[in-house]
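J.: Here it is: the structure, laid out below.
Laboratory data are not the source of any read-out in this text; all were calculated from the coordinates shown. Predicted model, so just to flag it, every value in this text is computed and none were measured. Here the Cβ positions follow ideal geometry from the backbone for every residue, glycine too, while neighbour counts run over all protein chains shown.
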Amino acid sequence: MKRQLFILLLAISSVYVQGITITHGPYLCDMTTDGVTVVWTTDLQGPAWVETENTVTAEKADYYEVVAGNIVAIATLHRVRINNLKPGTKYNYRIFTKEIGLDLATLSVNYGETVASNDFSHNPLSFTTFSKDKKDISFVVLNDIHSRTDFMKELCNEVDFKALDFVCFNGDMWEWLLDENMIFDGCMDAAVEMFASEIPIVFNRGNHETRGPYAIPLINYFPTVNGTFYYQFGIGDVCFLVLDGGEDKEDSHPEYFNLAAFDSYREEESRWLEQNVVCPEFQNAKARIVFLHIPPMVSTGHGSLHLQKTLIPILNHAKIDVILSGHTHSYIYREADATSNFPTVVNSNKTYMLCTIKDGQIRVEMKGQNPLANHTHEFQIKNRK
Ligand SMILES: [Fe+2]
């Protein structure tokens, strides 16, 4: 009898795997005035949810990752979209994943332990939604880290992340993407340690993030509301365009092994951009800032030349205040001229850009450990409509 009981317990424990832990995250993506997406991973699969608490009204709500009515349960990467929030409002939040076991013999589901982040009475995580009423805006842009995690931490040593609205990853944060570990070891664990559980990431792909087998699932780690790497968001009366330059060489270059189709991708993106720049949110903004990893008017590679044909003619008629780029690994400033009627600021791979928008002015400071590498630009917002 005892032996039978032991066998039974063994059978159950093979359905429940022992314990569950949060392995990476949480971090915040795709912040808007009414929502945000929370991303984290666990070592075991299970349904995941986020509980929020409005710090003004104390109202609480739960949000699950749901696909067409089904709660996503067989996953270790959790991406929970929180919608219908109040703008400019601080929310505490808590993440949960409940271990799940599938008993194929009985076609049933068994639940194990639940893992969670801090509860609301013990130093909870929090975020503040974007607001259309915000007057002063500040953000940091990082680019071309190329998986140098320790360097990134050192570079950001003096950044006051809590004072920022967001942090933009403006491309080539990784060297290339072989697997999930590279995403976290190469950058994201450090980002979570520094800011990303409470300050949202604006993710913009660089050409190096198009490389390796994990380039395709990368969007799952940085979900966007429209499901693409190019999108738009607004804070206060400023509109931000996140544009994807794709690869920097010809699609036929031997480095891509006949696996690149970025010319047609940029053409498709330009059709989206054409539609987007006439939308009221874009048209009614007082300032328009573009993030684009490859500086189209500075580099001479195929990617840049193709961007000059596809995106630049549209941007030239879109009253852009400034383009913020990377890619060249060196600081460059290019004035507006007859070919592009907006200035371009290129951040090096040794500095970060601290950007503040205040009193009708956009201020872009390159900051790093080497004072010689530091430069500042100020742009009067022309408030063009
Ligand atoms: Fe690059």
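J.: State the antiparallel share, in %, of DSSP beta bridges confined to region 232-385, rounding to the nearest 5. Mind showing how you got there, number by number?
T.: Values: 20 of 32 bridges.
Just about 60 percent of them are antiparallel.
J.: Select from region 179-273 those trypsin sites (Lys or Arg not before Pro) which occupy a DSSP coil region and have at most 16 other Cβ atoms within 10 Å, ordered by residue number. Walk me through the numbers before you get to the answer.
T.: Working: sites: 205, 211, 249, 266, 271; in loops: 205, 211, 249.
For trypsin sites (Lys or Arg not before Pro) across region 179-273 that sit outside H, G, I, E and B with at most 16 neighbouring Cβ atoms in 10 Å, the list reads 249.
J.: Using only Cα atoms and rounding to the nearest 10 degrees, what angle (0 to 90) does helix 262-276 make with the longest principal axis of the chain?
T.: So the helix axis and the longest Cα principal axis differ by about 80 degrees.
J.: Report, in listed order, any pair from 90/162; 286/309; 135/367; 286/319; 135/382 with a Cα-Cα distance greater than 18 Å. Provide the component values of the computation, followed by the final result.
T.: Values: 90/162 13 Å; 286/309 26 Å; 135/367 24 Å; 286/319 10 Å; 135/382 16 Å.
286/309; 135/367, as the Cα separations exceed 18 Å there.
J.: Near residue 120, within a Cβ-to-Cβ distance under 10 Å, what is the net charge of the other residues, with Lys and Arg +1 and Asp and Glu -1? Write down the numbers at each step before the final one.
T.: Numbers: positive: 60, 94; negative: 51, 53, 119.
Here the count lands on -1.
J.: Something else: So if I average 1/r over every pair of distinct C-alpha atoms in the chain and take the inverse, what Kirkwood radius in Å does that give?
T.: Values: mean 1/r = 0.0450 Å⁻¹.
Evaluated on the chain, it is 22.2 Å.
J.: Comparing 29, 187, 279, which has the greatest mean-square fluctuation in the GNM of the chain with Cα pairs linked when under 10 Å apart?
T.: It is 279.
J.: Next question, about the same structure. By counting other Cβ atoms within 10 Å of each Cβ, how are 27, 333 ranked from fewest to most? If you can, show how the numbers build up before the last one.
T.: Details: 27 22, 333 13.
Least to most surrounded, the residues fall as 333, 27.
J.: Can you tally the net charge around residue 274? Count Lys and Arg as +1, Asp and Glu as -1, for every other residue whose Cβ sits under 14 Å from the Cβ of residue 274.
T.: Charge balance near residue 274 sits at 0.
J.: I'd like the distance between the alpha-carbon centres of region 252-289 and region 30-79, rounded to an integer number of Å.
T.: 29 Å
J.: If I take every Cα pair under 8 Å that is 6 or more residues apart in region 224-355, average their sequence separation and divide by the length, what percent do I get for the relative contact order? Let's see the in-between values first.
T.: Working: 220 pairs, mean separation 28.2, N = 132.
Relative contact order for region 224-355 comes out at 21 percent.
J.: Can you list which of the chymotrypsin sites (Phe, Trp or Tyr not before Pro) found in region 240-332 are DSSP loop residues with at most 11 other C-beta atoms within 10 Å? It would help to have the intermediate numbers written out before the result.
T.: Working: sites: 240, 256, 257, 262, 265, 272, 282, 291, 331; in loops: 257, 331.
When the chymotrypsin sites (Phe, Trp or Tyr not before Pro) of region 240-332 are filtered for loop state and at most 11 Cβ neighbours within 10 Å, 257 remain.
J.: A follow-up question, please. Take peptides 50-59, 298-307 and line them up by average Cβ neighbours within 10 Å, highest first, as a rough protection proxy.
T.: 298-307, 50-59
J.: In the neighborhood of residue 111, defined by Cβ-to-Cβ distances under 15 Å, what is the net charge if each Lys or Arg adds +1 and each Asp or Glu adds -1?
T.: Once all neighbours under 15 Å are counted, the net charge is -2.
J.: Related question: If contacts are Cα pairs under 8 angstrom and at least 6 residues apart, what is the relative contact order of the chain in percent? Let's see the in-between values first.
T.: Values: 884 pairs, mean separation 51.9, N = 385.
It rounds to 13 percent for the chain.
J.: Considering only DSSP beta bridges with both partners in the chain, what is the antiparallel share in %, to the nearest 5?
T.: On the way: 62 of 83 bridges.
So the antiparallel bridges amount to about 75 percent of the total.
J.: Right, here's the next one. Compare 273, 292, 259 in a GNM of the chain, Cα atoms joined below 10 Å, and give the one with the largest fluctuation.
T.: So, out of 273, 292, 259, the one fluctuating most is 259.
J.: Further question on the same structure: To the nearest 500 deg cm²/dmol, what mean residue ellipticity at 222 nm is calculated for the chain from DSSP H runs of n ≥ 4 alone, each contributing -39,500 (n - 2.57), summed and divided by the residues?
T.: Working: 8 runs with 61 residues, N = 385.
Only helices count here, giving -4000 deg cm²/dmol.
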